[in-house]
Amino acid sequence: MRLVRIENVTSGMILGKDIYSCEGKILLAKGVTLTSHFIKRLQNLTMNEIYIEDEISRDIEIYDIIDERTRVIAKQTIYQVMQDLKVKKAIDFHGIQVAINRIVDELLSNRDIMINLTDLRSVDEYTFAHSVNVAVLSIVIGKALGYNELRLRDLGIAAILHDIGKTQIPNEILNKPGKLAEKEIEIMKNHTQFGYDILKDYDEISGLSRVGALLHHERIDGSGYPFGKKGDEISEFARIIAIADTYDAMTSNRVYKKRITPDKVIEYLISMGQHYYDYDMVRVFLNHLTVYPVGTIVKLNTKEHAIVIDNNCYTPTRPIVRLIRDTEGNYVSRFEEIDLQKKLNINIEEIVDE
């Protein structure tokens with residue numbers, strides 16, 4: 001299985017992963033042979049990428065760090081919460097608790113977690129799919145920091161609800177395809193305070209969770225908002241959520257920009273770790289990230305193209321790859337697998353889209 005940009009999908013390809021609606025219904029099932037009609041339907045859903053099964057990616061299994069059904073339930077729940085808030089209905093906090101408890105339980109049951117996020121999302125469902133990913137990533141960091149189960153659940157609540165204030169931001173600003181004007185940016189910045197104002201009305205939500213959501217755009221050097229807090233003035237939950245929020249936002253396709261590859265986002269987090277983020281937490285986070293996720297196609301310094309089939313835990317920049325294109329760019333007739341940990345003269349130059 002591998003991830004393919006929608007413009008590169010052709011009739012006859014086999015879908016590798018179920019595609020769900022916002023409400024959790026299967027729109028297109030894994031294993032279906034894609035036709036021009038199905039491809040057009042996916043484009044209309046503003047899907048940028050899908051997983052496919054083909055000869056190049058045979059035998060490659062891509063596992064999410066949480067169960068697919070758990071992810072669907074969490075996305076459904078946060079979607080419904082945001083819909084309810086738009087019409088002034090109360091938050092279904094029990095539903096949020098159930099979703100976070102499932103995520104925490106699954107992550108606690110995994111001894112060694114390497115992050116691989118495989119959720120397929122349309123551009124239109126960015127906000128709530130992003131909320132779920134930020135919760136998952138935050139809990140991974142919290143677990144690595146030694147948080148107990150109760151604290152992980154509070155962190156998860158803060159993370160999944162961190163953007164809840166965006167329900168109070170006009171859609172024309174939220175979904176604007178171009179760059180926001182200065183006045184629009186200032187309106188958008190209000191979402192953290194709006195979120196806190198919503199959450200403070202719920203006694204079931206801890207003070208730690210509320211403050212974590214409020215301060216997730218603060219930055220270590222004081223350049224963030226809403227208060228311009230610095231360093232340890234920023235709550236620990238907020239410092240964790242800031243890293244998870246940035247990573248998922250930058251690696252996601254959005255209305256106004258295309259995603260950045262994980263290796264480039266890792267470079268960004270390292271370079272900005274002393275300025276925007278808690279650098280110790282960034283290091284903890286990076287210990288659980290794969291630089292080149294399984295199923296990623298890469299260009300080697302030999303000018304050949306390869307697909308990542310497995311990762312080496314202690315040398316994340318040197319995975320095991322399967323050669324798929326020769327130096328002339330032609331697909332090879334016989335696949336060769338190379339462990340880059342053992343072939344030190346061969347390096348990955350960049351991630352490529354096919």
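The values are calculated or read from the model by the stated rules, or taken from the named source; none is laboratory data. Since the model is a prediction, treat every value here as computed from it, not as a measurement. Quick reminder, even Gly has a Cβ in these numbers, built from the backbone with ideal geometry, and neighbours come from all protein chains shown. Keep in mind that these areas ignore ligands, DNA and RNA; they rest on the heavy atoms of the full protein, side chains included. Shrake-Rupley method; radii C 1.70, N 1.55, O 1.52, S 1.80 Å.
Return yes or no: is ASP163 of a type in the set (Asp, Glu) and either open to solvent by less than 40 Å² (accessible area, probe 1.4 Å) or touching a Leu at 6+ places or on another chain (Cβ under 8 Å) (or both)?
Considered against the rule, which asks whether it is of a type in the set (Asp, Glu) and either open to solvent by less than 40 Å² (accessible area, probe 1.4 Å) or touching a Leu at 6+ places or on another chain (Cβ under 8 Å) (or both), ASP163 comes out as yes.
So that you can scan it fast, the table gives a plain yes or no per residue for (1) over 29 Å from ASN44 (Cβ atoms); (2) without any contact (Cβ under 8 Å) to a residue 40 or more places away in the chain; (3) β-branched (Val, Ile, Thr):
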residue: ILE260; (1), (2), (3): no, yes, yes
residue: TYR277; (1), (2), (3): yes, no, no
residue: MET281; (1), (2), (3): yes, no, no
residue: TYR292; (1), (2), (3): yes, no, no
residue: VAL298; (1), (2), (3): yes, no, yes
residue: TYR314; (1), (2), (3): yes, yes, no
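List pairs: first residue in segment 19-48 and of a type in the set (Lys, Arg), second residue open to solvent by less than 60 Å² (accessible area, probe 1.4 Å) anywhere in the structure, Cβ distance under 7 angstrom, at least six positions apart or on different chains.
That search, which allows pairs on different chains as well, returns LYS30/LEU15; LYS30/GLY16; LYS30/LYS17; LYS30/ASP18.
Taking strands (runs of 3 or more DSSP E) that fall entirely within segment 248-354, which contain at least 2 residues that are of a type in the set (Gly, Ala, Ser) and open to solvent by 50 Å² or more (accessible area, probe 1.4 Å)?
Values: elements: 297-300, 305-310, 320-325, 331-339, 348-351.
No strands (runs of 3 or more DSSP E) qualify here.
VAL4: of a type in the set (A, V, I, L, M, F, W, C), out of contact with any Leu (no Cβ under 7 Å at 6 or more places or on another chain) and buried (at least 19 other Cβ atoms within 10 Å of the Cβ), yes or no?
On the way: of a type in the set (A, V, I, L, M, F, W, C): yes; out of contact with any Leu (no Cβ under 7 Å at 6 or more places or on another chain): yes; buried (at least 19 other Cβ atoms within 10 Å of the Cβ): yes.
Criteria met by VAL4.
For segment 192-201, indicate whether the set of residues that are hydroxyl-bearing (Ser, Thr, Tyr) and either in a loop (DSSP other than H, G, I, E, B) or touching a residue at least 24 places away in the same chain (Cβ under 8 Å) (or both) is non-empty. Give the steps one after another, and end with the answer.
Restricting attention to segment 192-201, the residues satisfying the condition of being hydroxyl-bearing (Ser, Thr, Tyr) are 192, 196.
Of the ones still in play, those that are also either in a loop (DSSP other than H, G, I, E, B) or touching a residue at least 24 places away in the same chain (Cβ under 8 Å) (or both) are 192, 196.
Among the residues of segment 192-201, at least one is hydroxyl-bearing (Ser, Thr, Tyr) and either in a loop (DSSP other than H, G, I, E, B) or touching a residue at least 24 places away in the same chain (Cβ under 8 Å) (or both), which makes the answer yes.
So, of the residues in segment 3-58 that are more than 19 Å from TYR126 (Cα to Cα) and of a type in the set (Asp, Glu), which turns out to be farthest from the chain's Cα centre (by Cα)?
Going through the qualifying residues, I end up with GLU55.
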